[in-house]
Every structure is written in C-alpha cells, then in structure tokens.
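So the structure is just underneath, and the comments pick up after that.
The values are calculated or read from the model by the stated rules, or taken from the named source; none is laboratory data. Just so we're clear, the structure is a prediction, and the values are computed from it rather than from any experiment. Every residue, glycine as well, gets a Cβ built from its backbone with ideal geometry; the counts of neighbours run over all protein chains shown. When the accessible area is computed, the model is the full protein with side chains, heavy atoms only, and any ligands, DNA or RNA have been set aside. Shrake-Rupley method; radii C 1.70, N 1.55, O 1.52, S 1.80 Å.
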Amino acid sequence: MKYEPPLEKISVNIRETVLGQGEKSVKIGGENTLPFHSFEGSLPNSAGLALEVLDTQPENWAPSVLEPFEDVVSDPVKWAKKCVEVYGAEMLCLRLLSTDPMGKDRSPEEAAEITKKVTDAVDVPFIVWGTDMEDKDAQVLMQVARVCSGKNLLLGPVVKGNYEKIAKAALEHGHAVVAQASMDANLTKELNIALCKFFPPEKIVVDPTASALGYGLEYTFSIIEEIKQFGLVDKDKMMQMPILCDFGGDCWRTKEAKESREQGILWEAISGITFLLAGANLLVFRHPESLKLIKEMVI
Amino acid sequence: MALKGAEIMKMLPKTNCKECGYPTCFAFAMKLATGGANLEDCPHLDPQVRAQLEAAMAPPIKLVTIGAGENALAIGEEEVMFRHEKTFFHESGIAILISDKESESDIEKKLKRIKAFDFERIGQKLKIDLLALCFESGDKGKFEALVKKAYETTNFALILICEDTDVLFSAASLCADRKPLVYPITKDNTSAAIPKLKELGVPAGVKGQSIEALTSVTSELKDAGIEDMLLDPGSKNMLEGIRDQTLIRRAALKKGFRPLGYPTIAFPCFMYQDRFKETLAAAALMIKYAGIVVLSQAEAQFLLPLLVHRFNIYSDPRRPMTVEEKAYEIGNPGENSPVLISTNYALDYFIVSAAIEEANIPAYLCIKDTEGLGVMAAWTSGKFNGEAIAEFFEKYAMADKVKHRKLIIPGVAKKLVAELEEELPGWEIILGPLEGSDIPKFLSEEWKA
Ligand code: B12
Ligand code: SF4
C-alpha cells in the first residue's frame, strides 16, 4: 500500500476582518483551512493577540499578574502605553468595568471620554468591552462609538437584547462588533443572521464565550471547534466570522493560577493554545508572558 | 468497525444452521457489525475468510498496551478526528524523560519527585504514566543500571530510548515482563529488531523521518507478525507535530490505511529547550492525537496544568459529570452550622466541599440537581433559580436542620438574591465569594449563626 497524504481542500474562507486604522491595523481571519493546517490550505493572517487594560484599578488580582502592570494600574493611558511599548502588544482590549451598574456605575459620557483618551494615546487597534449588562452596555458602547468615530474599534459584547442599538451606532461611526451568543452554535448563527440584515458581515467577530482550563474548557473548546467547522466544512456563510476568545481573566481567577507564577502563565497559555486549535482568530490575554509564549510558538 | 452487516453477510456460509446461537446468518452478521457478537461463534467459517473478516473488522487504530499490571497504559482505538463528534477514549500517556547522563543524585531526586506526585481532581487521581529512559552516556552499564533502578524501585510503565540496537534489547530483556516500549525501531534496524521483539514480546516505537518512511517499517513488522507498535513521524516542532499527527490519524480513520493504524508518540522534550514551550507543545499534541507525550521534567507547576488539560480533553462531551442531589453534611454539622448551596455539576461539588473541609467548619452543603450545569448556566436555564432552590429547601426540610435562617449562595449569582428573598421568606440570603476556593477565608471571617 502506498501512502498518499490525505489532504483535504476547503473551498470557502473565513471572512477577513480589519481592526483599527492606518499602519498598525490588524487583519484577522481569511483562512480557508482548519487551524494550523497550512499544509493543505492558506492561513493569511496569524491570530490577533490582545492584552487587557482596565479603566479602573484591578481588584483581587494575583500578585504575579499584577506585577507587570503595578506601576500603571491607576492610569489606563499609562497602562495601555506600557502594554504596547514595553510588552509589544499589537492589540488591546479596554474593559469599561467602571460602568457596571452594580459597581461604580460610571456614566456613558465619562466612559466614552476615557476610551477616547486611551485610544488616542496608542495607535494599535482596540477591543472595547462592556460589563455584560445588556442595557448599560448599549448606552455605553453607543456613546463610545460616537465619541471615537472613525477609529474602527471592535465593540462588545453585543447580544440578542442590545445588538440593534449598538450595531447601528457602530455602522454609522465605522466600527466593528463582537456578537456574543453563549455556548450554542445555533444561537451564534441566529444572532449573525439578525445582525446581517443591516450590518456588514465582514465587520462581525463572534464570541461563543470562552473559559479557563479546568473550569469549563472541556465545553468551550468543543463548541468553538464545531462552530469553525460549520463555517469551513459545511460552508455555512453565517458561521464564517472570525472567532474571539476572551479567557485571560477567567484563568487568573482560578485557584491554580494564583498558586504560582509559572503555573498561572501556563494556565493561561494552555487555554490560549487550546482555543487556537479550536479555531479562535482573536485572543484576549491578561499576562504579557503568556501572550509572548503563544506568539513565539505559533510563528 | 469498518464493515456493514450486509458486507459481512456476503462472506458467511449462508446455511442458517443456527449453531452460532442466532436464527440466521444474517442476524449473526448484523450483530457482528455492531460489535455484539464474536466471529469464533460460527464453526463453519473458512479459516481464510475468517482472517479476512477479522482484518476488515479490526478497529482502524489498534489498541496498544505498554507496561503491565495496574500501571499499564492502553492507547489507540480512537474513532473520531474531533472530540465533538463523539469523544476521545484513551487518554494520552504522560512520560518523563530521564537520561543516564544525569547524575545519580539528580536521578534519585527526579524519581522521588515523580513518585510523590499526587493530585486529585473531581475525585479522580491525576497521574504520570511512564518513565522514558534515555541512553546518552555511551556506557551500556550506566544505562542498564538506570533501567534496573526504574524497574525495581517504581511501578511506572517504561520507554527505553537507545540508538544502539544491541544495548536497547539487552536493556529490554532486564524488564521484559514490564512490557517496555523499545525505541527507536527504524528502517535501518528493523530486521535485527524483529527476532528480539518477538522473543521479548515488547511493543515497538517506530521512528521515521517522515510519515511515508514510517509505513515501510510498520508494514515489515506487520508481515513478521508484530502488531504492537507506536508511531513517531519525527516532527521537529509543534506545528510539524500537529500536521503529522493529523495526517496519520486521518489516513487511519478516513482512508482505512492500515500501515498507519497505530497510536502515536511525540517528543516535546526534544522539540523545545524552554520548558514552558515544551509544556505548551505537549498540550497541543494531546489535543492533536498524540498517544504519548514525553516531557523533560516533572515539576508540579508544569505538570498540573497539563494533567488538568488532559482531563478536560478526554472527558466525554456528551455527558456532564454530575453528583447526586442531596443536602450533604460536611463534618457533622449541627443546628448552628452554616448552610451553603451549589449545583450538582461535579466540579462545583468537589470545589465547594473541599473548601468547606479546608475551612474546618462543619456545614450543610445543599447540592441541587441542575443536570450537571454550573451556577450561571443553571440559573439562566431555570434549574438554579429562586423557585428551584425553594423547592429543594422544602424537600430536604432545611428549616428543620438549623436554627438560624441564613443561606450562603455563590458570589457569581448576584441575580439570585432578590429571587430567593421572595421565595424563601424569613431567610437572609448571603452572597458568598466569587471563587469557591475563597470559601475558607469567607467562612472563618464572616460566619456567625
Ligand atoms: C461551560 C459553559 C457552559 C456549558 C455548561 C457547563 C456546566 N457544566 O455548567 C454549556 C455548554 C452546557 C453551557 C450552556 C449554557 N450556557 Co453557559 N457557560 C459556560 C462558561 C463558558 C463556563 C462556565 C463554567 O463551567 N464555569 C466553571 C464553574 C466551576 O463555575 P461555577 O459553576 O460558577 O462555580 C464557581 C463559583 O461560582 C464557585 N461556586 C460554586 N458553587 C458555589 C457555592 C457557594 C456557596 C459559593 C460561595 C461559591 C460557589 O466555585 C466555582 C469555582 O470558583 C460560562 C462563561 C464563563 N467563562 O464563565 C458560560 C455561561 C455561564 N453560560 C451562559 C449561558 C447563557 C448559557 C446558556 C443558557 C446558553 C444557551 N445556549 O441557551 C446554556 C444553558 C444550559 C442549557 N443547556 O440550557 C452565561 C450565563 C449568563 C448569565 N446569566 O450570567 C455565561 C456566563 C456566558 C455569558 N457570558 O453569557 N454553558
Ligand atoms: S453458525 Fe455460521 S453458518 Fe450457522 S447460522 Fe450462524 S453464521 Fe450462519
């Protein structure tokens, strides 16, 4: 019996999404093959790797993940600069934690002001993230869209209950959105269909929700892997958006990550490589060292 | 099983003599196709036909066992490319590399650490499976001493790594009853290895510079009657590993290509100097089909993440792990003991019960049946809302168990507070910490009946 490499060609592509503007803009997606399968298809863009920046002092962070940012956590502008200038981040994820109505409840106007300042300070693309409170996120992200008009931010999470408002503002002001439908391929597809009625599909990134190693990864890995295959193998156009996985925060909350620096970095990096294997196109990290490791491994 | 009932039927005697215990040959064929019957039961099969059938019905990836007794590792017989299609069956083995070049005291330390390694998760032991003993010293005596030491002082399954075929088999003969994996068997030493492999009955780690190069060796071994093999396509880094492992599994599963129908072994320890990278490569190659991964070290902070990862990837995605619904009594609680509530997702139960034990404060832990969903997924789907929890309290008569009226709920379930205040009148609802692991601190600082 003679061996012939059993290659499988796929005739469709994941959509390519451009984030940010100018020289530092980042392209994600665009592949016509399964993750890492460059031996049988094309993967034009490597995954986007973003570092987190909070708009407010972090609480209860383990010392080993606080340490890289210790001198800048009180100022999101300095924090963002350090991520880019010292840790070489090519993308950032600004979390507007202070807008949480059950917490500081900062106003949309204030949040948009902060976002403007931070995104003006560095020229890399930004994900701007709310607090998972549907109504408040809608008000905040609409305001951010207006104030940061033309910056091509990636705004999220956009969910079934608030997609119309946020996506309309994003469309008007030239931003992309993260469509979040938790842990269910059908819901992901439904939300994409609803969005695509008025929003350009190439400006949608999906978030099936991610989680940490040992704390739900056994589910999230397989659901994300399945969603990628619906898009590539079953050629479902509404499943061909790039995938975002936001898991760094979940990782560093675990008991195991807090136990030691090395273990924490691996907790995050193993989760990251697992999501890349599932098909993620954009990852959000908390520790610069985990990001660096992944970056060096996948090129 | 590659064959369908109708295809098997064509090869049976078709006399319907019933001696197999089935009313017709057809019924027997259908049963065979689903793995419910045994070819031996038909006494009228032509031996040649039987051999043909056996070969055609064999699983596309052979099950291979390394080691003996309790610590034997069985890998192979996987049925899918992707976990969501069904499940992965046989966990990748984790091997720790020990070189005969390391000093005796280093070896001693390493062995001690490996033996002391003891982690549990969700009631299951997480463990290292094998020691990979590597000949690097050039001194046969040293290598044999290492093999003897590992064989005599531990129960681990063994991998023997040695380019010198004579030394390799002489070491293998020292521990043959432990069924060590002998590695590498290559195109250059196959003919010398065949009689030894047969004599000792040990599995062969076949190495090729490429997938193609592997096939000639495996075919030669198979023709000589040797079928216990592991494949190493010689991948030099993680990306090559993903490619090679994927193509091997695809060839076996989707093309039925027999020369590659064996489990595999991968060597992250030789791919990367950096231990973080080595660990990451091992994690990736566990997802991408490696039957065994060999690591250079055994430090807990590198191994624990990898073991938990393996536990995740090899859990069955079709069946959430659950525990029984019950008002668990942890450490003899009384009428002044705290009452906490969580879900019957096995992970939640194990995290929270361990935390209460660690706090050393006896407590009632209410475990509500949520069909294995964790706190927020269960809340969203109505299995862990105010109403469901009130029912639980009624059913298990929680009000009779304690004098106080305080219920501690998971910190993530903020949205539950108002619901519970309505459904459990008279009870004070206390929002506990976000993390189960912070319960000990919370209880010792905050709990008063
Ligand atoms: C894995 C997962 C799933 C898995 C379920 C796994 C499981 N066994 O629960 C699946 C795929 C089945 C799933 C389904 C759904 N999910 Co889901 N899922 C997740 C995910 C990614 C991780 C959850 C997890 O396993 N965490 C780990 C466990 C251990 O956490 P935990 O149970 O909370 O326990 C911790 C603490 O709470 C604490 N703790 C536990 N008990 C107690 C008790 C006390 C007293 C204390 C003090 C502490 C404590 O200790 C634990 C460790 O710290 C989260 C997002 C995320 N990253 O968190 C979404 C998430 C929970 N899901 C969500 C949703 C909406 C759903 C669905 C309803 C969506 C749908 N498709 O309809 C379904 C519902 C299920 C159904 N079949 O109807 C939402 C919930 C939204 C909300 N209300 O906040 C989340 C938060 C995602 C999101 N951001 O939208 N999901
Ligand atoms: S014993 Fe063989 S020949 Fe007889 S009925 Fe069964 S399968 Fe047919």
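What does the accessible area of B:ILE161 come to, in Å² to the nearest 10, when a probe of 1.4 Å is used?
Taking all protein chains as shown, B:ILE161 has close to 10 Å².
Can you give the local net charge around B:SER337? Use residues other than it whose beta-carbon is closer than 11 angstrom to its beta-carbon, Lys and Arg +1, Asp and Glu -1.
+1
For a quick protection proxy, order the peptides A:164-177, A:277-290 by their average other-Cβ count within 10 Å, most packed first.
Highest-to-lowest ranking by the protection proxy: A:277-290, A:164-177.
From the helices alone, meaning DSSP H stretches of at least four residues, give me the mean residue ellipticity at 222 nm for chain B, per-run term -39500 (n - 2.57), in deg cm²/dmol to the nearest 500.
-12500 deg cm²/dmol
Across segment B:430-436, in residue order, what do the Karplus-derived ³J(HN,Hα) couplings come to in whole Hz, using 6.51 cos²θ - 1.76 cosθ + 1.60 with θ = phi - 60° and x for Gly and Pro?
10, 7, x, x, 5, 9, x
Give the average, rounded to an integer, of partner chain Cβ atoms located within 10 angstrom of each Cβ in A:285-296.
Mean number of neighbouring Cβ atoms from other chains: 1.
Provide the three semi-axes, in whole Å and in decreasing order, of the ellipsoid equivalent to segment B:64-313 as defined by the square roots of 5 times the Cα gyration tensor eigenvalues.
So the three semi-axes of segment B:64-313 are 25, 24, 16 Å.
Given Cβ point charges of +1 (Lys, Arg) and -1 (Asp, Glu) and nothing else, what value in debye, to the nearest 20, does the dipole of chain B about its Cα centre take?
In total the dipole reaches around 980 debye.
Report the charge-dipole magnitude of segment B:326-447 in Debye, nearest 20, computed about the Cα centre from +1 at each Lys and Arg Cβ and -1 at each Asp and Glu Cβ.
I would put it at about 40 debye.
Mind checking the mean number of beta-carbon atoms from other chains within 10 Å of the Cβ atoms in A:212-220?
Neighbouring Cβ atoms belonging to other protein chains average 6 per residue here.
Over the protein assembly as shown, average the accessible area per residue using a 1.4 Å probe and give it in Å², no decimals.
Counting only protein heavy atoms, the per-residue value for the protein assembly as shown is 41 Å².
Calculate how many DSSP beta bridges within chain A are antiparallel, expressed in % of all such bridges and rounded to the nearest 5.
Within chain A, antiparallel bridges account for around 15 percent of the total.
Taking each residue in B:241-254, count the Cβ atoms of any other chain within 10 Å of its Cβ, then average. What number comes out?
3
Per DSSP H run of n ≥ 4, the term is -39500 (n - 2.57); total these for chain A, divide by its residue number, and report the mean residue ellipticity at 222 nm rounded to 500 deg cm²/dmol.
-12500 deg cm²/dmol, from helical runs alone.
Show me the ranking of peptides A:231-240, B:37-46 by mean Cβ neighbours inside 10 Å, starting with the highest.
A:231-240, B:37-46
Averaged over every viewing direction, what's the projected area of the C-alpha convex hull for segment B:326-447? Give it in nm², one decimal, please.
One quarter of the hull surface, i.e. the mean projection, equals 6.2 nm².
Using a 1.4 Å probe on protein heavy atoms only, how many Å² of accessible area do B and A hide from each other, summed over both chains and rounded to 100?
4500
So, R0 is 56 Å and r is the distance between the beta-carbons of A:LYS237 and B:ASP118; what FRET efficiency does that work out to, to 0.05?
Using R0 = 56 Å, I get an efficiency of 0.65.
For segment B:271-320, build the convex hull from the C-alpha positions and give me its volume per residue in Å³.
Each residue corresponds to 76 Å³ of Cα convex hull volume.
With axes computed from alpha carbons, what is the tilt in degrees of helix B:275-287 against the longest principal axis of chain B, rounded to the nearest 10 within 0 to 90?
Approximately 80 degrees, to the nearest 10.
Return the FRET efficiency for the residue pair A:GLU113, A:GLN57: r is the Cβ-Cβ distance, R0 is 25 Å, and the value is rounded to the nearest 0.05.
The computed FRET efficiency comes out at 0.90.
Regarding segment A:16-298, what are the three Cα extents along the principal axes, ordered largest first, in Å?
48, 43, 37
Distance check, please: which entries in A:LYS255/B:LYS406; B:LYS368/B:LYS441; A:LYS2/B:LYS187; B:LYS10/B:LYS222 exceed 21 angstrom between their Cα atoms?
In this structure, A:LYS255/B:LYS406; B:LYS368/B:LYS441; B:LYS10/B:LYS222 lie more than 21 Å apart at Cα.
Between B:THR34 and B:ARG50, what is the label-point separation in nm under the 7 Å Cα-to-beta-carbon projection?
Taking the two extended label points, one gets 2.5 nm.
Over all directions, what mean area does the Cα convex hull of the protein assembly as shown project, stated in square nanometres?
36.5
Could the peptides B:390-403, B:163-176 be put in order, highest first, of the mean number of other beta-carbon atoms found within 10 Å of their residues?
Ranked from most to least packed, the peptides come out as B:163-176, B:390-403.
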